[in-house]
Amino acid sequence: MPAQPSERVRELRELINRYSYEYHVHDAPTVSDAVYDSLFNELKNLEVAHPELITADSPTQRVGNELRGGFQKATHSTRMLSLNDVFDIEEVRAWVARMDKLLPGRTHEFFADIKMDGLACALVYQDGALVQAITRGDSYVGEDVTNNVRTIKNVPLRLRRQKGYEQFLEGRTEVRGEIVMLKKDFEKLNKRQRERGEAEFKNPRNLAAGTIRQLDPKLVAARPLTFIAYDLLRDNSTEILTHMAAYETISTIGIRRNPQASVFDGLDDVTKFVHTWDKKRQELPFTTDGLVIKVNNRAQYSELGVVGKQPRGAVAYKYAAEQATTVVKDIVISIGRTGAATPVAVFDPVQVAGSTVQHASLHNADEIARKDVRIGDTVIIFKAGDIIPQVESVVMELRPKTAERFDYQKALKAQYPELEFERTGQDVVYRVKGSNSDLILKRAVEYYASKGALDIDTLGEKNVVALVDAGLVRDAADIYKLTYEDVVKLDRFADVSARKLVVAIQAKKTPPLEKFILGLGIRHVGTQTAIDLANTFHTVEALQTATIEQLEQVDGIGKVVAESIVAWCADEDNIALLDKFSALGVRPHYEQKNGKLVGQSFVITGSLSGMSRDVAADKIRALGGTFQTSVAKDTTYLVAGGKIGASKLKKAESYGTKIISEDELLEMIGGDT
């Protein structure tokens, strides 16, 4: 006799959860993917037919609805602490000596595990059911990302019940760990990107962090994230006496943790563990830059206490960053959002710590002088924290005889002839003379929102000033975090105007790529250059990784503009800004222009009677044409308006450019606008 729907649903859920546990926790599936998918589909169909049987912890209920208004803040039960870094065994011995002074006469067991390079997150279970997921944040307060974490397939929506561990399914159980993207999943994702002709992602850590902050869980579900636990918290601390016991419990109740974790009686064995994984870390399924070493006894760990944000009972052992050598082709200077002039070394692309890098910050003039970095030098590149590329030193034996010491002030004058720079007091940084960080910020946000860029209605000069002065906006990306509740408190805004502003900003989260590039305010990048960049690179990511040579191949872009773009993209503040745009769901899109003016370029000289020059330029671009400010060899038409410029006419004639009237231009653009 066929089972009743309720009974069949219960059986299917138990079996699917068991298969999921075998696959995700033990990496030992007992059935094929096809069998799992078939059972999953049967459960889904039963729940569609009998919606009254659906429960929040059903395997089918992972993907929820898109969040409106962004993530809510959530307070941690106890701080999510970070660890002090150590870089060699002697520093580990010094750490142990400090503990021995605080706990004299006590023996220590040491617990060691691989340090994962991901996004720290706390999973909160109430009576065995997942109720909340919180990012680390500032260690006290994080963001509630429950909707997104529910989509991660190896995160159980309900903890596994096992004999002897029933208490962990009662009351509050918190599991802390890292959300990572495994190397194999990252490679598959980038393979798919290549097949689609789309830009590849840079590294697993940034992709995992950016993905978990998407507002739409469907987008998160489409990317293969994995949660790997490293701690377990209960209200009654006596339920878990050691860190190793916490790991064993984590596995038993159905959550993945690292199998490499081990317990040692003495430092000699810890040292062997450190050296073993230094050699073998490339074999790990995730990226790492070191190990975590703790006192295994949790009572001792707690007794040792905390200094600042770091517990005394644990350290993070950092492996030496991977290194590579390359040749400095140029040193360009970027002007950041505070007016600071930051030098950037540009070099041949090189692989470091799993990703390709082609430029690195040199920080300031003193740093260049201290390391004596020169154009033409062979330098050693490393990644600080396996993320930010830096120049470690110069290989002096390979220095060209013609390499000249870098003259910082001369370079500033050459690259920014119209600006004055100053270096005051103890400041190691040259800054634009008379610059004010708030003033620069206001101008940057105004420009981003301006009609020529993203054209955000109601975000004009006075409103930008109010938002910046209130501390609500510290960069252009912050406008996408604004809520009605934030804005309506300000004097300039009432109920209607506050709602209108927030709606207008949110409506610009998928801007045309060329408008977004223009809005970034990259030096020397005007409207047409932004269009040319969009037409060439198609994504922000591809533009970020473009070399000076690739940029110079774009029509109208020479060495000065190419260097300006590379310098902007290499600036750490700008990298963080682009990451923030992405994390807030800003998705610039590229559309191939197919209008009747594709391949044709226009210059307007003199005044037009029927429309402004800007309007005419927009109409030309909307039809796929190129608007130029001066006549060049590739100019198709020179539009001759009133008060014609004689020099442009003469130049057009010498190049064979066709000269047309305003009426002829209107005939070309009027019918399809």
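Using the Cα coordinates of the stretch 79-200, the gyration tensor eigenvalues translate into equivalent-ellipsoid semi-axes of 33, 26, 14 Å, sorted from longest to shortest. By the count of other C-beta atoms within 10 Å, a proxy for reagent exposure, 492, 192 are ordered fewest to most as 192, 492.
Under 20 Å from a point placed 7 Å out from the Cα of residue 630 along the Cα-to-Cβ direction: which residues of the stretch 540-569 have their backbone N that close? Residues passing the 20 Å test: 552-565. The Stokes-Einstein estimate for the stretch 119-189, based on a Kirkwood radius over Cα pairs and taken at 20 °C with 1.002 mPa s viscosity, is a diffusion coefficient of 161 µm²/s. Residue order for 264, 168, fewest other beta carbons within 10 angstrom first, comes to 264, 168. Distance from the C-alpha centroid of the stretch 426-475 to that of the stretch 129-143: 32 Å, rounded to the whole angstrom. For the stretch 445-455, putting each phi into the Karplus relation 6.51 cos²θ - 1.76 cosθ + 1.60 with θ = phi - 60° gives couplings of 5, 4, 5, 4, 8, 5, 4, x, 9, 7, 6 Hz, in residue order, rounded to whole numbers and with x for Gly and Pro. Each principal axis of the Cα cloud of the stretch 180-255 was taken in turn, and the coordinate range along them, longest first, works out to 55, 25, 18 Å.
Positive contributions from Lys and Arg (+1) and negative ones from Asp and Glu (-1), summed over other residues with Cβ under 14 Å from the Cβ of residue 422, come out at +2.
If I stretch the segment between residue 494 and residue 309 completely, what's the gain in nm (0.36 nm per residue apart, minus their alpha carbon distance), one decimal?
So the extension gain works out to 62.5 nm.
Going from the fewest other Cβ atoms within 10 Å to the most, the residues 77, 450 appear in the order 77, 450. Once the Cα-Cα distance is subtracted from the 0.36 nm per residue extended length, the residue 165 to residue 654 segment shows a gain of 167.3 nm. Over the stretch 323-432, the hull volume per residue, using the convex hull of the C-alpha atoms, is 108 Å³. Multiplying the residue separation of residue 272 and residue 239 by 0.36 nm and removing their Cα-Cα distance gives an extension gain of 8.8 nm. About the centre of its Cα atoms, the stretch 5-61 shows a dipole size close to 80 debye [charges on the beta carbon of Lys, Arg (+1) and Asp, Glu (-1) only; nearest 20 debye]. For the stretch 552-563, the Karplus equation 6.51 cos²θ - 1.76 cosθ + 1.60, evaluated at θ = phi - 60°, returns couplings of 5, 7, 6, 3, x, 9, x, 4, 4, 5, 4, 5 Hz by residue, with Gly and Pro reported as x. Excluding residues fewer than 8 places away in the same chain, name every one of the lysines whose C-alpha is closer than 16 Å to that of residue 462. Excluding near neighbours in sequence, the set is 442, 451, 489, 500.
Scanning residues 5 or more positions from residue 660 or on other chains, those with amide H under 5 Å from its amide H are 638, 639, 640, with H placed 1.01 Å from N in the peptide plane. In whole angstrom, how far apart do the alpha carbon centroids of the stretch 479-528 and the stretch 560-626 sit? Spelled out, the Cα-based centre of one part sits 18 Å from the other.
Compute the orientation-averaged projected area for the stretch 75-318 from the convex hull of its Cα atoms and round it to one decimal in nm².
13.7 nm²
With R₀ set to 41 Å, the beta-carbon distance separating residue 144 from residue 325 gives a calculated FRET efficiency near 0.35. Using R0 = 41 Å, the C-beta based FRET efficiency linking residue 646 and residue 458 works out to 0.40.
Note on the stretch 283-377: along the principal axes its Cα atoms extend 56, 37, 25 Å, ordered by decreasing extent. Computed from the C-beta positions of residue 45 and residue 589, the FRET efficiency with R₀ = 41 Å rounds to 0.70. Secondary structure note: in the chain, about 80% of the DSSP beta bridges are antiparallel. Computed about the Cα centre, the dipole magnitude for the stretch 589-633 is approximately 140 debye when only Lys and Arg (+1) and Asp and Glu (-1) carry charge, each at its Cβ. Scanning residues 5 or more positions from residue 392 or on other chains, those with amide H under 5 Å from its amide H are 380, 381, 382, with H placed 1.01 Å from N in the peptide plane.
Over all other residues within a Cβ to Cβ distance under 13 Å of residue 143, the charged ones net out to +2, with Lys and Arg as +1 and Asp and Glu as -1.
By the scheme Lys and Arg +1, Asp and Glu -1, what is the net charge of all other residues having a beta-carbon under 14 Å from that of residue 404?
+1
Per residue, the chain reaches -11000 deg cm²/dmol at 222 nm when only DSSP H runs of four or more residues are counted, each adding -39500 (n - 2.57). Size descriptor for the stretch 511-650, Kirkwood hydrodynamic radius: 16.3 Å (Cα pairs only, one decimal).
Take the cross-link list 279/383; 44/73; 191/515 and give me the ones stretching past 21 Å between alpha-carbons. Beyond 21 Å between Cα atoms: 44/73; 191/515. Only Cα sites of the chain enter the Debye sum here, all with the same form factor; the resulting log10 I(q)/I(0) across q = 0.08 1/Å is -0.77, listed in q order. In this label model, residue 85 and residue 485 are separated by 3.6 nm, measuring between points 7 Å along each Cα→Cβ vector.
Take the Cα of residue 549, step 7 Å toward its Cβ, do the same at residue 663, and the gap between the two points is 5.2 nm. All Cα-Cα separations within the stretch 601-670 were binned at 10 Å from zero, giving a P(r) of 22, 60, 18, each value a whole percent of the pairs.
A straight Cα-to-Cα reach below 25 Å connects residue 163 with the lysines 153, residues fewer than 8 places away in its own chain not being considered.
Expressed as a rounded percentage, what relative contact order does the stretch 478-636 have, with Cα pairs under 8 Å and six or more residues apart?
It rounds to 21 percent for the stretch 478-636.
In order along the stretch 283-298, the Karplus-derived 3J(HN,Hα) couplings, from 6.51 cos²θ - 1.76 cosθ + 1.60 at θ = phi - 60°, round to 7, 5, x, 10, 7, 8, 10, x, 10, 10, 10, 10, 6, 5, 6, 6 Hz, and Gly and Pro are given as x. Using C-alpha pairs under 8 Å with a sequence gap of at least 6, the mean separation divided by the residue count of the chain gives a relative contact order of 10 percent. Amide hydrogen proximity for residue 319: with H placed 1.01 Å from N in the peptide plane, the residues at 5 or more positions away or on another chain lying under 5 Å are 290, 291. Modelled spin-label separation between residue 28 and residue 282, with each label point placed 7 Å from Cα along the Cα-to-Cβ direction: 3.0 nm.
Every number in this text was worked out from the coordinates using simple rules, so none of it is lab data. In this text, all values refer to a predicted model and were calculated from it rather than measured experimentally. Cβ atoms come from the backbone with ideal geometry, glycine included; neighbour counts cover every protein chain shown.
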